[in-house]
Amino acid sequence: CPATEGIFDYAAAIGGATITAAQCLIDGMCKVAINWSGGWHHAKNVLKEVYQAFNPKAVVLQLGADTIAGDPMCSFNMTPVGIGKCLKYILQWQLATLILGGGGYNLANTARCWTYLTGVILGKTLSSEIPDHEFFTAYGPDYVLEITPSCRPDRNEPHRIQQILNYIKGNLKHVV
């Protein structure tokens, strides 16, 4: 993230919101807390093994939208539906869950993503149509909630992914 004027105040406000959301979970005021601006750049994978190794009482889940197709970071080619599947997997654990956003530099797609994921959290199916509002034109040319993946080739090599998964699983044996 680039350094800009006011970045310290912005980071302090976001950090404070995350701490407040976590405190609400600790105090039992809610089962799920969301701070879409919290949690900038982290990971997901090997969830079953991590869950079994740590037997957590709560989960912090970071769902950055910079993984979404069309993001200027161009790192991944995800869709909100794909991220939603990961979210549903975590929510089925029925633990106190703090949900953070993170990156997302195509603002319209970030809004689409987090809107879709909020619907998943609430168990609601949302209309595909973007409602008319002040920033409606930013959602063109199709003006719908869905994000279509790009035509990028998938360069993930199955054997390399398996190597990484095996490495992580091996490390988990030494953590607990």
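Need pairs with beta-carbon distance below 6 Å; first residue part of a helix (DSSP H, G or I) and within region 104-122, second among the aromatic types (Phe, Trp, Tyr); sequence gap 6+ or separate chains.
Listed by first residue and then by second, the contacts come to Ala108/Tyr139; Trp114/Trp36.
Taking the criterion of being of a type in the set (A, V, I, L, M), within 21 Å of Met29 (Cβ to Cβ), modelled with pLDDT of 90 or more and part of a helix (DSSP H, G or I), would at least one residue in region 54-70 satisfy it?
No, every residue in region 54-70 fails to be of a type in the set (A, V, I, L, M), within 21 Å of Met29 (Cβ to Cβ), modelled with pLDDT of 90 or more and part of a helix (DSSP H, G or I).
Among (1) assigned to a loop (DSSP other than H, G, I, E, B); (2) surrounded by fewer than 14 Cβ atoms within 10 Å (Cβ to Cβ), where does Thr137 come up short?
The one condition Thr137 does not meet is (1).
Would region 18-29 turn up any residue that is of a type outside the set (Ser, Thr, Tyr), closer than 29 Å to Ser128 by Cα and modelled with pLDDT of 85 or more?
No: region 18-29 contains no residue that is of a type outside the set (Ser, Thr, Tyr), closer than 29 Å to Ser128 by Cα and modelled with pLDDT of 85 or more.
Taking the conditions exactly as written (surrounded by 17 or more Cβ atoms within 10 Å (Cβ to Cβ), touching a Lys or Arg at 6+ places or on another chain (Cβ under 9 Å), under 20 Å from Arg152 (Cα atoms) and free of Cβ contacts under 8 Å to residues at least 60 places away in the same chain), does Ala65 satisfy them or not?
yes
Could you figure out which of (1) part of a helix (DSSP H, G or I); (2) in contact (Cβ under 8 Å) with a residue 12 or more places away in the chain isn't true of Pro149?
Only one criterion in (1) part of a helix (DSSP H, G or I); (2) in contact (Cβ under 8 Å) with a residue 12 or more places away in the chain is unmet by Pro149, namely (1).
The values are calculated or read from the model by the stated rules, or taken from the named source; none is laboratory data. Just so it is clear, the structure is predicted and the values come from calculations on it, not from any experiment. No Cβ is skipped: glycine too gets one built from the backbone with ideal geometry, and neighbour counts run over all protein chains shown.
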